[in-house]
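Trainee: Take this structure, written in C-alpha coordinates, and hold onto it; I'll ask about it next.
The values are calculated or read from the model by the stated rules, or taken from the named source; none is laboratory data. In this text, all values refer to a predicted model and were calculated from it rather than measured experimentally. Here Cβ is always computed from backbone atoms with ideal geometry, including for glycine, and neighbour counts include all displayed protein chains. Accessible surface is based on the protein model in full, side chains and every heavy atom, while ligands, DNA and RNA are left aside. Shrake-Rupley method; radii C 1.70, N 1.55, O 1.52, S 1.80 Å.
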Amino acid sequence: MSADTGGPLRHDPARPAPSLELGVIVPTFKEAPNVGPLLAKLEAALEGVVWQAIFVDDDSPDGTAAVVKAIAAVDPRVICLHRIGRRGLAGAVIEGALASAAPFVAVIDGDLQHDETLLPQMLKALQEDRADVVVGSRYLGVAGADASALGARREAGSRLANWLGQRVLRAPVTDPMSGFFMIRRELVETVAPELATSGFKVLFDILASQKTPPRYLELPYEFRVRNAGESKLDNGVVVQYLGLLAAKLSRDLISPRFIMFALVGASGVVVNLVILRLLLHIGFAAAQLVAALGAMTSNYLINNAVTYRDRRKRGLALVTGYLKFVMLCSVPLAANVAVATMVYERGPSWWVAGVAGAIVAAVWNYVTTSRAVW
Ligand code: GDD
Ligand code: MN
(Lines give C-alpha, C1' and ligand atoms only; values in the text may rest on other atoms or scores of the structure.)
(Ligands and ions follow the chains in the order given, each with its own letter.)
Protein backbone atom coordinates (compact mmCIF):
# COMPACT_ATOMS: atom_id res chain seq x y z
CA MET A 1 0.00 0.00 0.00
CA SER A 2 1.63 3.26 -1.04
CA ALA A 3 1.34 6.20 1.30
CA ASP A 4 0.19 8.77 -1.30
CA THR A 5 -3.13 6.94 -2.00
CA GLY A 6 -4.18 7.51 1.54
CA GLY A 7 -6.69 10.29 2.10
CA PRO A 8 -7.11 12.10 5.37
CA LEU A 9 -9.49 9.43 6.67
CA ARG A 10 -7.10 6.54 6.17
CA HIS A 11 -5.84 5.02 9.37
CA ASP A 12 -2.21 4.33 10.00
CA PRO A 13 -1.89 0.59 9.17
CA ALA A 14 0.79 0.28 11.83
CA ARG A 15 -1.76 1.33 14.44
CA PRO A 16 -5.13 0.01 13.29
CA ALA A 17 -7.98 1.79 15.01
CA PRO A 18 -9.96 -0.63 17.17
CA SER A 19 -13.42 -1.10 15.72
CA LEU A 20 -16.47 -0.06 17.60
CA GLU A 21 -18.10 -2.98 19.39
CA LEU A 22 -21.07 -1.56 21.22
CA GLY A 23 -23.43 1.42 20.97
CA VAL A 24 -25.21 2.19 24.22
CA ILE A 25 -28.44 4.09 23.53
CA VAL A 26 -29.75 6.17 26.41
CA PRO A 27 -33.15 7.81 25.85
CA THR A 28 -33.50 10.78 28.17
CA PHE A 29 -36.17 13.16 29.22
CA LYS A 30 -35.36 15.33 32.24
CA GLU A 31 -32.41 13.26 33.44
CA ALA A 32 -29.76 16.01 33.79
CA PRO A 33 -28.47 14.95 37.24
CA ASN A 34 -28.23 11.31 36.14
CA VAL A 35 -26.00 11.73 33.06
CA GLY A 36 -22.64 11.96 34.83
CA PRO A 37 -23.27 9.09 37.26
CA LEU A 38 -24.53 6.86 34.43
CA LEU A 39 -21.46 7.51 32.27
CA ALA A 40 -19.17 6.76 35.20
CA LYS A 41 -20.96 3.44 35.71
CA LEU A 42 -20.80 2.61 31.99
CA GLU A 43 -17.11 3.40 31.89
CA ALA A 44 -16.43 1.06 34.82
CA ALA A 45 -18.67 -1.74 33.52
CA LEU A 46 -17.39 -1.65 29.94
CA GLU A 47 -13.68 -1.71 30.60
CA GLY A 48 -11.94 -3.44 27.69
CA VAL A 49 -14.88 -2.91 25.31
CA VAL A 50 -14.83 -0.33 22.50
CA TRP A 51 -18.10 1.45 23.16
CA GLN A 52 -19.94 4.68 22.52
CA ALA A 53 -22.91 6.19 24.34
CA ILE A 54 -25.63 7.90 22.33
CA PHE A 55 -27.98 9.99 24.44
CA VAL A 56 -31.22 10.77 22.66
CA ASP A 57 -32.78 13.74 24.40
CA ASP A 58 -36.12 15.31 23.50
CA ASP A 59 -35.03 18.84 24.38
CA SER A 60 -35.59 18.30 28.10
CA PRO A 61 -36.42 21.56 29.90
CA ASP A 62 -33.87 20.72 32.61
CA GLY A 63 -31.01 21.01 30.12
CA THR A 64 -30.10 17.33 29.92
CA ALA A 65 -28.76 17.84 26.38
CA ALA A 66 -26.37 20.56 27.54
CA VAL A 67 -25.03 18.29 30.27
CA VAL A 68 -24.41 15.52 27.73
CA LYS A 69 -22.76 17.91 25.26
CA ALA A 70 -20.43 19.30 27.92
CA ILE A 71 -19.14 15.77 28.49
CA ALA A 72 -19.18 14.94 24.76
CA ALA A 73 -16.90 17.92 24.13
CA VAL A 74 -14.11 16.19 26.03
CA ASP A 75 -15.05 12.54 25.44
CA PRO A 76 -15.57 11.51 21.78
CA ARG A 77 -17.26 8.29 22.89
CA VAL A 78 -20.25 10.34 24.00
CA ILE A 79 -22.80 11.69 21.52
CA CYS A 80 -25.94 13.73 22.01
CA LEU A 81 -28.85 13.38 19.59
CA HIS A 82 -30.79 16.47 20.50
CA ARG A 83 -34.33 16.24 19.11
CA ILE A 84 -36.53 19.30 18.87
CA GLY A 85 -40.32 19.34 18.76
CA ARG A 86 -40.62 15.60 19.25
CA ARG A 87 -41.43 13.32 22.13
CA GLY A 88 -41.52 9.58 22.46
CA LEU A 89 -39.37 6.95 24.08
CA ALA A 90 -39.73 4.38 21.27
CA GLY A 91 -38.78 6.84 18.54
CA ALA A 92 -35.79 8.04 20.57
CA VAL A 93 -34.51 4.49 20.99
CA ILE A 94 -34.94 3.72 17.29
CA GLU A 95 -33.15 6.89 16.17
CA GLY A 96 -30.31 6.27 18.58
CA ALA A 97 -29.87 2.71 17.34
CA LEU A 98 -29.93 3.86 13.71
CA ALA A 99 -27.31 6.51 14.45
CA SER A 100 -24.82 3.95 15.73
CA ALA A 101 -22.27 2.21 13.54
CA ALA A 102 -21.64 -0.49 16.13
CA PRO A 103 -22.66 -4.06 15.25
CA PHE A 104 -24.51 -4.34 18.57
CA VAL A 105 -26.63 -1.77 20.35
CA ALA A 106 -27.82 -1.76 23.94
CA VAL A 107 -30.72 0.27 25.30
CA ILE A 108 -30.60 1.40 28.91
CA ASP A 109 -32.63 3.88 30.96
CA GLY A 110 -30.95 7.13 31.89
CA ASP A 111 -32.03 6.98 35.54
CA LEU A 112 -29.71 4.20 36.77
CA GLN A 113 -32.61 1.75 37.28
CA HIS A 114 -31.01 -0.84 35.02
CA ASP A 115 -27.97 -2.86 36.02
CA GLU A 116 -25.18 -1.83 33.64
CA THR A 117 -22.86 -4.53 35.00
CA LEU A 118 -24.88 -6.98 32.86
CA LEU A 119 -23.68 -5.32 29.65
CA PRO A 120 -20.42 -7.30 29.15
CA GLN A 121 -22.30 -10.61 29.56
CA MET A 122 -24.94 -9.47 27.09
CA LEU A 123 -22.29 -8.45 24.58
CA LYS A 124 -20.44 -11.73 24.94
CA ALA A 125 -23.58 -13.73 24.21
CA LEU A 126 -24.20 -11.74 21.03
CA GLN A 127 -20.58 -11.80 19.89
CA GLU A 128 -20.45 -15.57 20.37
CA ASP A 129 -23.68 -15.75 18.36
CA ARG A 130 -25.57 -17.50 21.12
CA ALA A 131 -28.52 -15.12 20.65
CA ASP A 132 -29.88 -12.30 18.47
CA VAL A 133 -31.31 -10.39 21.41
CA VAL A 134 -30.36 -10.39 25.07
CA VAL A 135 -32.98 -9.01 27.42
CA GLY A 136 -32.42 -7.87 30.98
CA SER A 137 -35.38 -9.33 32.86
CA ARG A 138 -36.85 -8.02 36.09
CA TYR A 139 -38.84 -11.22 36.56
CA LEU A 140 -36.52 -14.09 35.66
CA GLY A 141 -35.72 -16.27 38.64
CA VAL A 142 -37.24 -13.88 41.15
CA ALA A 143 -40.30 -15.01 43.07
CA GLY A 144 -42.96 -12.80 44.62
CA ALA A 145 -41.35 -9.66 45.99
CA ASP A 146 -39.31 -9.02 42.83
CA ALA A 147 -39.34 -5.72 40.93
CA SER A 148 -40.00 -3.97 44.23
CA ALA A 149 -38.89 -0.65 42.77
CA LEU A 150 -42.23 -0.68 40.93
CA GLY A 151 -45.33 0.16 42.96
CA ALA A 152 -47.81 -2.67 43.69
CA ARG A 153 -50.33 -1.44 41.11
CA ARG A 154 -47.58 -0.86 38.53
CA GLU A 155 -46.34 -4.36 39.17
CA ALA A 156 -49.73 -6.02 38.65
CA GLY A 157 -50.17 -3.99 35.46
CA SER A 158 -46.70 -4.92 34.33
CA ARG A 159 -47.42 -8.62 34.85
CA LEU A 160 -50.66 -8.43 32.85
CA ALA A 161 -48.85 -6.59 30.07
CA ASN A 162 -46.16 -9.28 30.06
CA TRP A 163 -48.69 -12.07 29.91
CA LEU A 164 -50.44 -10.43 26.95
CA GLY A 165 -47.08 -9.74 25.31
CA GLN A 166 -46.07 -13.39 25.58
CA ARG A 167 -49.32 -14.44 23.89
CA VAL A 168 -48.62 -12.10 20.98
CA LEU A 169 -44.92 -12.96 20.66
CA ARG A 170 -45.64 -16.66 21.20
CA ALA A 171 -42.42 -16.88 23.13
CA PRO A 172 -41.77 -17.37 26.83
CA VAL A 173 -39.96 -14.06 27.34
CA THR A 174 -40.46 -13.14 30.99
CA ASP A 175 -40.07 -9.37 30.50
CA PRO A 176 -41.12 -8.38 26.95
CA MET A 177 -41.67 -4.81 28.19
CA SER A 178 -38.12 -4.46 29.36
CA GLY A 179 -36.42 -1.20 28.55
CA PHE A 180 -33.03 -2.88 29.03
CA PHE A 181 -31.72 -5.05 26.21
CA MET A 182 -28.98 -5.56 23.65
CA ILE A 183 -29.54 -6.52 20.03
CA ARG A 184 -27.76 -6.85 16.69
CA ARG A 185 -28.16 -3.41 15.15
CA GLU A 186 -29.26 -4.94 11.87
CA LEU A 187 -32.41 -6.35 13.51
CA VAL A 188 -33.53 -2.84 14.36
CA GLU A 189 -32.64 -1.46 10.93
CA THR A 190 -34.63 -4.03 8.98
CA VAL A 191 -37.88 -3.35 10.83
CA ALA A 192 -37.38 0.36 11.62
CA PRO A 193 -39.96 1.62 9.07
CA GLU A 194 -42.68 -0.47 10.73
CA LEU A 195 -42.05 0.52 14.34
CA ALA A 196 -44.28 2.77 16.44
CA THR A 197 -42.42 5.89 17.55
CA SER A 198 -44.48 6.69 20.62
CA GLY A 199 -44.98 4.60 23.73
CA PHE A 200 -42.63 2.55 25.88
CA LYS A 201 -42.83 -0.88 24.29
CA VAL A 202 -40.04 -0.67 21.79
CA LEU A 203 -38.47 -4.07 22.53
CA PHE A 204 -41.83 -5.75 22.17
CA ASP A 205 -42.45 -3.96 18.89
CA ILE A 206 -39.00 -4.85 17.49
CA LEU A 207 -39.48 -8.51 18.42
CA ALA A 208 -43.05 -8.72 17.15
CA SER A 209 -42.04 -7.17 13.81
CA GLN A 210 -39.29 -9.69 12.95
CA LYS A 211 -39.98 -11.97 10.00
CA THR A 212 -38.00 -14.86 11.47
CA PRO A 213 -38.25 -15.38 15.22
CA PRO A 214 -35.08 -14.07 16.88
CA ARG A 215 -33.13 -16.18 19.37
CA TYR A 216 -33.60 -14.70 22.83
CA LEU A 217 -31.50 -14.89 25.87
CA GLU A 218 -32.69 -13.43 29.15
CA LEU A 219 -30.50 -12.41 32.04
CA PRO A 220 -31.96 -11.58 35.44
CA TYR A 221 -31.24 -8.31 37.19
CA GLU A 222 -32.68 -6.34 40.03
CA PHE A 223 -34.61 -3.26 38.96
CA ARG A 224 -33.18 -0.41 41.03
CA VAL A 225 -34.93 2.58 42.48
CA ARG A 226 -34.78 5.61 40.18
CA ASN A 227 -31.80 7.86 40.96
CA ALA A 228 -33.18 11.40 40.49
CA GLY A 229 -36.23 12.86 38.79
CA GLU A 230 -39.50 11.05 38.12
CA SER A 231 -40.99 8.32 35.92
CA LYS A 232 -42.69 9.28 32.66
CA LEU A 233 -44.72 6.09 32.46
CA ASP A 234 -48.37 6.88 33.11
CA ASN A 235 -51.79 5.44 32.28
CA GLY A 236 -51.68 6.88 28.78
CA VAL A 237 -48.59 4.77 28.07
CA VAL A 238 -50.48 1.65 29.18
CA VAL A 239 -53.49 2.37 26.96
CA GLN A 240 -51.11 3.00 24.08
CA TYR A 241 -49.52 -0.37 24.64
CA LEU A 242 -52.93 -2.08 24.45
CA GLY A 243 -53.43 -0.38 21.08
CA LEU A 244 -50.06 -1.70 19.90
CA LEU A 245 -50.99 -5.24 21.00
CA ALA A 246 -54.27 -5.06 19.10
CA ALA A 247 -52.46 -3.80 16.00
CA LYS A 248 -49.99 -6.69 16.20
CA LEU A 249 -52.81 -9.19 16.74
CA SER A 250 -54.45 -7.88 13.55
CA ARG A 251 -51.07 -8.28 11.83
CA ASP A 252 -50.78 -4.51 11.38
CA LEU A 253 -54.00 -4.25 9.37
CA ILE A 254 -55.31 -1.63 11.74
CA SER A 255 -53.05 1.07 13.13
CA PRO A 256 -52.69 1.54 16.89
CA ARG A 257 -53.93 5.11 16.48
CA PHE A 258 -57.11 4.02 14.78
CA ILE A 259 -57.78 1.45 17.52
CA MET A 260 -57.22 4.10 20.15
CA PHE A 261 -59.54 6.53 18.40
CA ALA A 262 -62.20 3.82 18.24
CA LEU A 263 -61.78 3.04 21.95
CA VAL A 264 -62.07 6.69 22.88
CA GLY A 265 -65.11 6.94 20.60
CA ALA A 266 -66.68 4.04 22.49
CA SER A 267 -66.06 5.81 25.79
CA GLY A 268 -67.73 8.87 24.25
CA VAL A 269 -70.81 6.79 23.50
CA VAL A 270 -70.98 5.86 27.18
CA VAL A 271 -70.67 9.51 28.21
CA ASN A 272 -73.33 10.40 25.65
CA LEU A 273 -75.75 7.77 26.98
CA VAL A 274 -75.22 8.62 30.65
CA ILE A 275 -75.87 12.32 30.12
CA LEU A 276 -78.83 11.55 27.85
CA ARG A 277 -80.41 9.32 30.49
CA LEU A 278 -79.84 11.90 33.24
CA LEU A 279 -81.36 14.74 31.23
CA LEU A 280 -84.22 12.90 29.48
CA HIS A 281 -86.69 14.96 31.53
CA ILE A 282 -85.73 18.18 29.72
CA GLY A 283 -86.92 16.65 26.44
CA PHE A 284 -85.15 14.20 24.14
CA ALA A 285 -83.66 16.55 21.53
CA ALA A 286 -82.28 18.98 24.13
CA ALA A 287 -80.91 16.13 26.25
CA GLN A 288 -79.18 14.55 23.24
CA LEU A 289 -77.67 17.92 22.31
CA VAL A 290 -76.10 18.39 25.75
CA ALA A 291 -75.08 14.72 25.81
CA ALA A 292 -73.33 15.03 22.45
CA LEU A 293 -71.45 18.13 23.64
CA GLY A 294 -70.36 16.32 26.79
CA ALA A 295 -69.13 13.34 24.76
CA MET A 296 -67.30 15.68 22.39
CA THR A 297 -65.47 17.36 25.25
CA SER A 298 -64.41 14.11 26.92
CA ASN A 299 -63.41 12.62 23.54
CA TYR A 300 -61.25 15.65 22.79
CA LEU A 301 -59.48 15.57 26.14
CA ILE A 302 -58.86 11.82 26.09
CA ASN A 303 -57.72 11.79 22.46
CA ASN A 304 -55.37 14.64 23.20
CA ALA A 305 -53.90 12.85 26.23
CA VAL A 306 -53.70 9.36 24.75
CA THR A 307 -54.34 8.95 21.01
CA TYR A 308 -52.30 11.99 20.03
CA ARG A 309 -50.07 11.89 23.07
CA ASP A 310 -46.98 12.46 20.95
CA ARG A 311 -48.52 15.67 19.56
CA ARG A 312 -50.31 16.61 22.77
CA LYS A 313 -51.63 20.17 22.89
CA ARG A 314 -51.22 22.30 25.98
CA GLY A 315 -52.11 25.83 27.02
CA LEU A 316 -53.45 28.01 24.23
CA ALA A 317 -53.09 25.27 21.60
CA LEU A 318 -55.29 23.06 23.77
CA VAL A 319 -58.03 25.71 23.64
CA THR A 320 -57.79 26.47 19.90
CA GLY A 321 -57.64 22.73 19.20
CA TYR A 322 -60.79 22.28 21.26
CA LEU A 323 -62.59 25.02 19.33
CA LYS A 324 -61.59 23.40 16.02
CA PHE A 325 -62.64 20.02 17.34
CA VAL A 326 -66.03 21.34 18.47
CA MET A 327 -66.54 23.14 15.16
CA LEU A 328 -65.80 20.00 13.15
CA CYS A 329 -67.87 17.82 15.43
CA SER A 330 -70.76 20.27 15.30
CA VAL A 331 -71.21 19.62 11.60
CA PRO A 332 -72.62 16.15 12.25
CA LEU A 333 -74.25 17.31 15.50
CA ALA A 334 -77.39 18.36 13.66
CA ALA A 335 -77.39 15.02 11.87
CA ASN A 336 -76.70 13.28 15.20
CA VAL A 337 -79.70 14.87 16.89
CA ALA A 338 -81.90 14.45 13.80
CA VAL A 339 -81.08 10.76 13.36
CA ALA A 340 -81.44 10.07 17.08
CA THR A 341 -84.77 11.89 17.27
CA MET A 342 -86.02 10.06 14.20
CA VAL A 343 -85.09 6.65 15.65
CA TYR A 344 -86.52 7.66 19.05
CA GLU A 345 -89.88 8.62 17.57
CA ARG A 346 -90.17 5.33 15.68
CA GLY A 347 -88.66 2.96 18.19
CA PRO A 348 -89.40 2.20 21.81
CA SER A 349 -85.82 2.53 23.10
CA TRP A 350 -84.08 5.76 24.03
CA TRP A 351 -80.63 4.16 24.00
CA VAL A 352 -80.82 2.65 20.51
CA ALA A 353 -81.66 6.18 19.36
CA GLY A 354 -78.68 7.60 21.23
CA VAL A 355 -76.27 5.05 19.75
CA ALA A 356 -77.58 5.62 16.23
CA GLY A 357 -76.94 9.35 16.56
CA ALA A 358 -73.47 8.81 17.99
CA ILE A 359 -72.36 6.46 15.20
CA VAL A 360 -73.29 8.95 12.49
CA ALA A 361 -71.19 11.58 14.24
CA ALA A 362 -68.24 9.29 15.04
CA VAL A 363 -67.40 8.45 11.44
CA TRP A 364 -67.26 12.08 10.43
CA ASN A 365 -65.29 13.08 13.51
CA TYR A 366 -62.59 10.48 12.97
CA VAL A 367 -61.99 11.40 9.36
CA THR A 368 -61.96 15.17 9.81
CA THR A 369 -60.26 15.71 13.16
CA SER A 370 -57.41 13.30 12.45
CA ARG A 371 -56.48 15.65 9.62
CA ALA A 372 -57.42 19.09 10.88
CA VAL A 373 -56.81 19.12 14.63
CA TRP A 374 -53.72 17.05 15.50
N1 GDD B 1 -35.97 10.86 24.55
C2 GDD B 1 -36.97 10.51 25.36
N3 GDD B 1 -38.24 10.92 25.05
N4 GDD B 1 -36.73 9.78 26.48
C5 GDD B 1 -37.76 9.45 27.27
C6 GDD B 1 -39.10 9.84 27.00
C7 GDD B 1 -39.33 10.61 25.82
O8 GDD B 1 -40.45 10.99 25.49
N9 GDD B 1 -39.89 9.34 28.01
C10 GDD B 1 -39.08 8.70 28.84
N11 GDD B 1 -37.79 8.76 28.44
C12 GDD B 1 -36.59 8.18 29.05
C13 GDD B 1 -36.42 8.50 30.53
O14 GDD B 1 -35.68 9.70 30.70
C15 GDD B 1 -35.66 7.28 31.02
O16 GDD B 1 -34.28 7.39 30.76
C17 GDD B 1 -36.24 6.15 30.18
O18 GDD B 1 -36.75 6.77 29.00
C19 GDD B 1 -37.34 5.37 30.90
O20 GDD B 1 -38.33 6.27 31.36
P21 GDD B 1 -38.88 6.22 32.86
O22 GDD B 1 -39.83 7.33 32.97
O23 GDD B 1 -37.76 6.13 33.82
O24 GDD B 1 -39.67 4.84 32.81
P25 GDD B 1 -39.99 3.83 34.01
O26 GDD B 1 -38.77 3.58 34.82
O27 GDD B 1 -41.20 4.29 34.71
O28 GDD B 1 -40.36 2.51 33.15
C29 GDD B 1 -39.61 1.32 33.19
O30 GDD B 1 -40.44 0.22 32.84
C31 GDD B 1 -40.87 0.22 31.48
C32 GDD B 1 -41.74 -0.99 31.22
O33 GDD B 1 -42.53 -1.35 32.26
C34 GDD B 1 -38.41 1.44 32.25
O35 GDD B 1 -37.53 0.36 32.49
C36 GDD B 1 -38.81 1.41 30.79
O37 GDD B 1 -37.63 1.35 29.98
C38 GDD B 1 -39.69 0.19 30.55
O39 GDD B 1 -40.14 0.20 29.20
MN1 MN C 1 -37.11 4.65 35.07
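Results for (1) out of contact with any His (no Cβ under 8 Å at 6 or more places or on another chain); (2) modelled with pLDDT of 85 or more; (3) within 16 Å of ligand 1 (Cβ to nearest atom), shown as yes or no for each residue.
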site: R224; (1), (2), (3): no, yes, yes
site: L233; (1), (2), (3): yes, no, yes
site: L242; (1), (2), (3): yes, no, yes
site: L245; (1), (2), (3): yes, no, yes
site: V271; (1), (2), (3): yes, yes, no
site: H281; (1), (2), (3): yes, yes, no
site: A285; (1), (2), (3): yes, yes, no
site: N303; (1), (2), (3): yes, yes, no
site: G315; (1), (2), (3): yes, yes, no
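Trainee: Scan segment 84-105 for residues that are at pLDDT 95 or above and within 16 Å of ligand 2 (Cβ to nearest atom) and jot them down.
Mentor: A92, V93, listed by residue number.
Trainee: Another question about this same structure. If V24 satisfies all but one of (1) among the aliphatic types (A, V, I, L, M); (2) part of a loop (DSSP other than H, G, I, E, B); (3) within 19 Å of L203 (Cα to Cα), what's the number of the condition it fails?
Mentor: Failed condition: (2).
Trainee: Further question: Of the residues R312, R346, which is of a type in the set (K, R), more than 22 Å from S255 (Cα to Cα) and out of contact with any Asp or Glu (no Cβ under 9 Å at 6 or more places or on another chain)?
Mentor: Testing whether each residue is of a type in the set (K, R), more than 22 Å from S255 (Cα to Cα) and out of contact with any Asp or Glu (no Cβ under 9 Å at 6 or more places or on another chain) leaves just R346.
Trainee: I need a count of the residues in segment 81-118 that are outside any loop (DSSP other than H, G, I, E, B) and either more than 21 Å from D205 (Cα to Cα) or open to solvent by less than 30 Å² (accessible area, probe 1.4 Å) (or both).
Mentor: Going through segment 81-118 one residue at a time, the tally reaches 16.
Trainee: Only one residue in P33, P76, P61 is touching a residue at least 60 places away in the same chain (Cβ under 8 Å), away from ligand 1 (no atom under 11 Å from the Cβ) and open to solvent by 20 Å² or more (accessible area, probe 1.4 Å). Which one?
Mentor: Matching residue, one of P33, P76, P61: P33.
Trainee: Quick one: would you say G7 is open to solvent by less than 70 Å² (accessible area, probe 1.4 Å), at pLDDT below 95 and not assigned by TED's automatic domain parsing to the domain that holds V191?
Mentor: Criteria met by G7.
Trainee: Note down all Cβ pairs under 6 Å where the first residue falls in segment 162-186 and is of a type in the set (F, W, Y), the second is assigned to a helix (DSSP H, G or I) and buried (at least 17 other Cβ atoms within 10 Å of the Cβ), and they're at least six residues apart or on different chains.
Mentor: If the second residue must be assigned to a helix (DSSP H, G or I) and buried (at least 17 other Cβ atoms within 10 Å of the Cβ), the pairs left are F181/L203.
Trainee: Taking segment 195-232 as the search range and keeping residues that are more than 16 Å from ligand 2 (Cβ to nearest atom) and aliphatic (A, V, I, L, M), which one is most open to solvent (accessible area, probe 1.4 Å)?
Mentor: L217
Trainee: I need the helices (runs of 4 or more DSSP H) fully contained in segment 177-272, keeping only those with at least 2 residues that are small (G, A, S).
Mentor: Per the criteria, 202-209, 235-249.
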